[in-house]
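> Sending over a structure as structure tokens; questions will come in a sec.
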Amino acid sequence: MINLRSGTHIVPQFTFDCGQTLYDIPIAYETYGQLDAGGGNAILVSHGFASDHHAGGDGGWWSGLIGSGKALDTDRYFLICMNNPGSCFGSIGPATTIPGAGRPYGPDFPDVTVADMVEAQRLTLDALGVGKLAAAIGYSFGGYLTFQWAVAHPDRMRAVVVAASRIYDGGGPEKVAGMVSNFDKAPGWNGGNYYERPDGVLEALKQFRAGELRRNGLVSEMLSKTGGDESAANRLVEAAAARWASEVDANSLIALTRAGVAFDLSDRVGEIKVPLLYVLCDTDNLYPGAAGPKAVDRMQSLGVDATFHEIKTVHRHRGGLVDHEKWSGVLAAFLASHAAP
């Protein structure tokens, strides 16, 4: 039984790294399983860049790993996934209405950092009665948050798992400029204040997402569902992009891109004090598996108890999601060795 529950924690006062303070900010989350009496069986799961906090259950982006008897066993662990501040799936973000103003923050939303996201997670965990985490786990952009947890709060967890990610983003101002350029020419963009005329921006979002899904391997995944019919597979990709575009805020993508570009903990990797499992996919177009052994060698040279596992997959960046069975046993064994209360 997965025992899925949804909720929202309201943080009474939150000061961002940029110095701006907002009040009564919502942090949306889902939990799976039951928190034990000591609050020590919780696993924090952090989602990807354009994803959300629906990680388990029907349609969950990691439902292959979350559930009764699965690697992230809800009979044993209490899983929690939160929507990042700056995103647009229930937590505070650019699409949130400014109290008393009657309009969204839009481009005026505070510059948010990965450290801000982790602090919002920490406050929410405290409110839920979570003690020392059994583990912190992150996929893709969520790996940034997990690394941040590992260096900022090394005594708050027993183990760390990072998949399809790395300890720095590697992008620069051009990455943010590229994201902005996706929408600059869209009818109605208006410098980000597009909410009264969204149609042109929705089309730009759809095209952006379709390109991203193709680069990240969704076509190969859809081909398996269409019996190899490439035209049908591409139609499924377009449909998925359209659904996503109808739910996403373009200003959130820009805000999250800025946060990612600013993320770099490569000089602090030696501060990780708990066992770490690092997982990459051999065909990943964003975080190639070939980089894994060198990264783990460096961690180990700095005293980190790090282990590397490579997933062989045709699904590129999505390989750790689609081919979950190719590493679920490794994940379960790692947690059994290091995350037990």
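> Decide, for segment 185-258, between rounded, prolate and oblate: order the square roots of the alpha carbon gyration tensor eigenvalues as a ≥ b ≥ c, take rounded if a/c falls under 1.5, and otherwise choose prolate if a/b is larger than b/c, else oblate.
Values: a/c = 3.38, a/b = 2.24, b/c = 1.51.
The shape class here is prolate.
> Determine the sum of side-chain charges near Asp17: Lys and Arg each +1, Asp and Glu each -1, restricted to other residues whose C-beta is under 15 angstrom from that of Asp17.
-2
> Let me ask another. Counting pairs of alpha carbon atoms under 8 Å apart in space and at least six apart in sequence, what relative contact order in percent does segment 238-340 give?
24
> Another question about this same structure. Counting alpha carbon pairs within less than 8 Å and at least 6 residues apart, what relative contact order, in whole percent, applies to segment 104-234?
Working: 114 pairs, mean separation 21.4, N = 131.
Worked out over segment 104-234, it gives 16 percent.
> Taking 0.36 nm per residue of separation and subtracting the Cα-Cα distance, what length does fully extending Arg268 through Leu123 add?
This chain segment gains 49.9 nm when fully extended.
> Give, as a single signed number, the net charge of other residues whose beta carbon lies under 9 Å from the beta carbon of Leu280, with Lys and Arg counted +1 and Asp and Glu -1.
Values: positive: Arg166; negative: Asp282, Asp284, Glu310.
That sum, taken over residues with Cβ under 9 Å, equals -2.
> Oh, and also: Hey, in the GNM for the chain with a 10 angstrom Cα cutoff, which one of Gln121, Gln13, Gln148 fluctuates hardest?
Gln13
> Using only the Cα atoms of segment 126-218, what are the Rg and Dmax in Å?
Using the Cα atoms of segment 126-218, the pair Rg, Dmax is 18.4, 50 Å.
> Work out, step by step, the length gained on full extension between Ala232 and Ser328: first 0.36 nm times the residue separation, then minus their alpha carbon distance; give nm to one decimal. Each step should come with its number before you reach the end.
On the way: separation 96, 0.36 × 96 = 34.56 nm, distance 3.02 nm.
Taking 0.36 nm per residue and subtracting the Cα distance, the gain is 31.5 nm.
> Compute the relative contact order of the chain as a whole-number percentage, counting only Cα pairs closer than 8 Å that sit 6 or more residues apart in sequence.
That works out to 18 percent.
> In Å, what is the Rg of the alpha-carbon atoms in segment 1-49, and how long is Dmax?
14.3, 43
> Another question, then. Rule-of-thumb check for segment 241-297: C-alpha Rg over 2.2 N^0.38 Å?
Compactness ratio reported: 1.56.
> Something else: Want the number for Asp155 to Ala291: 0.36 nm per residue separation, take away the alpha-carbon distance, what's left?
Details: separation 136, 0.36 × 136 = 48.96 nm, distance 2.78 nm.
So the chain would gain 46.2 nm between Asp155 and Ala291.
> Give me the three principal axis extents of segment 143-288 from the C-alpha atoms, as integers in angstrom, largest value leading.
48, 43, 25
> Report ³J(HN,Hα) in whole Hz for each residue of segment 230-238, in order, from the Karplus equation J = 6.51 cos²θ - 1.76 cosθ + 1.60 where θ = phi - 60°; Gly and Pro get x.
5, 5, 5, 4, 5, 5, 5, 4, 4
> If segment 216-341 were replaced by its equivalent ellipsoid, with semi-axes equal to the square roots of 5 times the Cα gyration tensor eigenvalues, what would those be, largest first, whole Å? Show your work: numbers first, answer last.
Details: eigenvalues 201, 86, 37 Å².
Each semi-axis is the square root of five times an eigenvalue, giving 32, 21, 14 Å.
> With no solvent and one point per C-alpha, what does the Debye sum give as log10 I(q)/I(0) for the chain at q = 0.08, 0.14 Å⁻¹?
Values returned for q = 0.08, 0.14 Å⁻¹ are -0.36, -1.18.
> Using a Cα-Cα cut-off of under 23 Å, which lysines could be cross-linked to Lys132, ignoring same-chain neighbours fewer than 8 residues away?
Lys70, Lys273
> Over all distinct alpha-carbon pairs, what is the Kirkwood Rh of segment 7-84 in angstrom?
So the Kirkwood estimate lands at 13.7 Å.
> For Pro110, what is the net charge nearby, where nearby means another residue's Cβ is under 12 Å from its Cβ and Lys, Arg count +1, Asp, Glu -1?
On the way: positive: Arg258; negative: Asp17, Asp108, Asp111, Asp116.
It works out to a net charge of -3.
> Taking just the alpha carbons, could you work out the radius of gyration and Dmax for segment 164-223, both in angstroms?
14.4, 38
> Give me the percent of Cα-Cα pairs in segment 90-150 that sit more than 19 Å apart, rounded to a whole number.
More than 19 Å apart: 45 percent of the Cα pairs in segment 90-150.
> Where nothing but the Cβ of Lys and Arg (+1) and of Asp and Glu (-1) is charged, how large is the charge dipole of the chain around its Cα centre, in debye to the nearest 20? Mind showing how you got there, number by number?
Details: 28 positive and 37 negative charges, 78 e Å.
Its charge dipole is roughly 380 debye.
Quick note: the coordinates plus some simple rules give every number you see, no bench work behind them. All figures in this text were calculated on a predicted structure; none of them were measured in a lab. Don't worry about glycine lacking a Cβ; one is built from the backbone with ideal geometry, like all the others, and counts go over all protein chains shown.
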